[in-house]
Amino acid sequence: MNILEIINLTHRFSNGAMGIENINLMVREGEFVVISGQNGSGKTTLLRHLNGLFLPTAGTVILDGISVSENVVRARQMVGMVFQDADSQIVGETVSEDVAFGPENLCLSRPEIKKRVSHALNAVGLASFADQRPHVLSGGEKRRLAIAGVLAMNPKILVFDEPFSNLDYPGVRQILKQILSLHEAGHTILLTTHDLEKVLGHANRLVIMKDGKIVRDGTPDQIVTDVETYGVRQPCASRLGMEIGSWLN
Amino acid sequence: MAELTVFGYRTGTSLLHILDSRFKLACLILISLASLKAYIPGLSLLILLLVFAIIHIRVSFISVLKEIQYFLILLTFVLIARALSTPGTPVIEFMGLTMTSQGLYDGILVCGRLGTVVLLGLIFVSTTRPSEIKAAVEWFLTPFPFIPAKRVATMISLVMRFIPTILNQAKETADAQRARGIENRKNPVYRLIKFTIPLMRRTFEDADKLIVAMEARCYSENRTDPELSSGKKDWIALLLVICLCILIL
Ligand SMILES: Nc1ncnc2c1ncn2[C@@H]1O[C@H](COP(=O)(O)OP(=O)(O)OP(=O)(O)O)[C@@H](O)[C@H]1O
Ligand SMILES: [Mg+2]
């Protein structure tokens, strides 16, 4: 069953620039989709339509049968989005307050919020930081906090925009592990990156964008050999004709 | 951000941490008002109590002094100005300037009052979670029909969330400009302009990102109410504070 259907989606910015054009994408529940493309190819613009931060100029985005523009709040609850810049995503004064921000907006009861906060913090391994101030966290911890903030809203789809930017090797592995365990727990994952090396070994599907359009869509091994035409570096292993390994081992 | 640690919440389990924030706010206001009317004996008692309170909440004294160093310099100026400008019996005469005993007394009084208020604020802020301060302010404002308490509360929390960000940004901008030799420019107006414009631009950009992040997490003014609970302890504390105020007046 398709949990996400994007049909003929076009977005034009208010200054007239074309953001994305005529995008069609169907995502089944539980899929792990990597969206790649060079800088400015429209990845972020596409993702922002999934939870109604941008509304389409033309076309529709349908989440589990209901269009995003029809019920934006539902879309925001269903699609948890972890932004490119984790710092600007932090709203709260302490780690646990930040995680509680989303559930509070949903008007949940206090005990329910507490339950969700501790569950989300445990899921990302930040439980011992609950009363810390977010500014003192490291880059990787901030990103995990952003993930916890999103998890506390019980989303079905998780969207990660460049989750590995600015992270060191252990940081990347930590976040990757996190993403994989969320995928295993049944979340549908969409992830953008221009560095396929780190994640492609785990994905079921690869989508390549260029100039606001989807130019390739298929399984990683079908497509990975010609990504370089579109300004994305082909992972080393696949250049050498080997299977892409995991960064986790 | 390390410089900002004192003027911010620190976790703890002391009595002052446990008290209800509404009562703490009320006590803060009461003592501040009383201290503005108090004289030397009352003030000394008050400052002594505040010093004990600071030891009790386990904030390091040196960091407090460091935090308020500029304020102390200001107080010294106030003291000197008062001492020199008030007519009365001279104590010291030096190069045509006379320091009078009345002036000295006045100066100490003013400094004592200002110092008390600052110490009080410091104790309040470091023992109360920002969300609790927000909740207390909201609670006090709710009876007033023309003030949108929830909106004010959100604004307060956003301001508190933003101050460290802005300071951090200011420091980064200043460092970046120093690295490129801004100090060779002697014109202060030029330097001010070159400093303020990028700082403002970045602050607004950050604010924009924060808005998007809040929207993505379903922000609405209609949210779960903050949790406040008062008990016998709080009433006793309030009663003691009232007695104290009467005593020092
Ligand atoms: N608010 C806006 N107004 C006008 N043009 C915009 C706006 N936001 C993005 N664009 C343009 O839309 C295009 C796609 O931007 P987008 O941020 O989606 O790219 P991206 O694939 O996420 O790039 P990156 O890899 O750098 O994150 C870019 O050419 C950009 O200049
Ligand atoms: Mg982007």
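The values are calculated or read from the model by the stated rules, or taken from the named source; none is laboratory data. Since the model is a prediction, treat every value here as computed from it, not as a measurement. So basically every Cβ, Gly included, is an ideal-geometry build from the backbone, and we count neighbours across all protein chains shown. Just the protein is used for accessible areas: all its heavy atoms, side chains included, with ligands, DNA and RNA removed. Shrake-Rupley method; radii C 1.70, N 1.55, O 1.52, S 1.80 Å.
Highlighted here are the helices (runs of 4 or more DSSP H) found entirely within region A:1-109 that include at least 3 residues which are within 18 Å of the chain's Cα centre (by Cα) and either of a type outside the set (Phe, Trp, Tyr) or surrounded by 15 or more Cβ atoms within 10 Å (Cβ to Cβ) (or both): A:43-47, A:72-78.
I'd like the residue in region A:131-146 that is of a type in the set (A, V, I, L, M) and touching a Leu at 6+ places or on another chain (Cβ under 8 Å) and, out of all such residues, is farthest from the other protein chains (Cβ to nearest Cβ). Break it down stepwise before answering.
The first filter runs over region A:131-146 and keeps only residues of a type in the set (A, V, I, L, M), leaving A:136-137, A:145-146.
Subsequent filtering for residues that are touching a Leu at 6+ places or on another chain (Cβ under 8 Å) retains A:137, A:145.
Values: A:Leu137: 11, A:Leu145: 12 Å.
Residue satisfying both the conditions and the ranking: A:Leu145.
Here is a yes/no grid of residues against (1) surrounded by fewer than 17 Cβ atoms within 10 Å (Cβ to Cβ); (2) under 16 Å from B:Phe23 (Cβ atoms); (3) within 11 Å of chain A (Cβ to nearest Cβ):
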site: B:Ala135; (1), (2), (3): no, yes, no
site: B:Trp139; (1), (2), (3): no, yes, no
site: B:Thr142; (1), (2), (3): yes, no, no
site: B:Phe146; (1), (2), (3): yes, no, no
site: B:Thr154; (1), (2), (3): no, no, yes
site: B:Met160; (1), (2), (3): no, no, yes
site: B:Leu167; (1), (2), (3): yes, no, yes
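Comparison of B:Arg82, B:Arg58 shows that the only residue that is touching a Lys or Arg at 6+ places or on another chain (Cβ under 9 Å) and open to solvent by 70 Å² or more (accessible area, probe 1.4 Å) is B:Arg58. For region B:2-22, the set of residues classified as modelled with pLDDT under 80 and open to solvent by less than 50 Å² (accessible area, probe 1.4 Å) consists of B:Leu4, B:Val6, B:Gly8, B:Tyr9, B:Gly12, listed by residue number. Whenever a residue of region A:38-49 is within 14 Å of chain B (Cβ to nearest Cβ), its partners that are modelled with pLDDT under 95 and within 6 Å of ligand 1 (Cβ to nearest atom), lying with C-beta atoms within less than 6 angstrom and at least six residues away or across chains, give the pairs A:Thr45/A:Gly19. Selection of first residues in region A:181-204 that are closer than 11 Å to A:Glu162 by Cβ and open to solvent by 20 Å² or more (accessible area, probe 1.4 Å) and of second residues that are basic (Lys, Arg) and in a loop (DSSP other than H, G, I, E, B), restricted to Cβ pairs under 8 Å at least 6 apart or on distinct chains, gives the following pairs, ordered by first then second residue: A:His194/A:Arg233; A:Asp195/A:Arg233.
Based on this model, can you work out whether A:Val117 counts as more than 19 Å from B:Val212 (Cα to Cα), among the hydrophobic types (A, V, I, L, M, F, W, C) and touching a Lys or Arg at 6+ places or on another chain (Cβ under 6 Å)? So A:Val117 fails the test.
This table checks each residue for (1) hydrophobic (A, V, I, L, M, F, W, C); (2) modelled with pLDDT under 85; (3) assigned to a helix (DSSP H, G or I).
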| site | (1), (2), (3) |
| --- | --- |
| B:Glu205 | no, no, yes |
| B:Lys209 | no, no, yes |
| B:Arg223 | no, yes, no |
| B:Ser229 | no, yes, no |
| B:Lys233 | no, yes, yes |
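Taking region A:196-210 as the range and being closer than 16 Å to A:Tyr230 by Cα and of a type in the set (Lys, Arg) as the test, only A:Lys210 passes.
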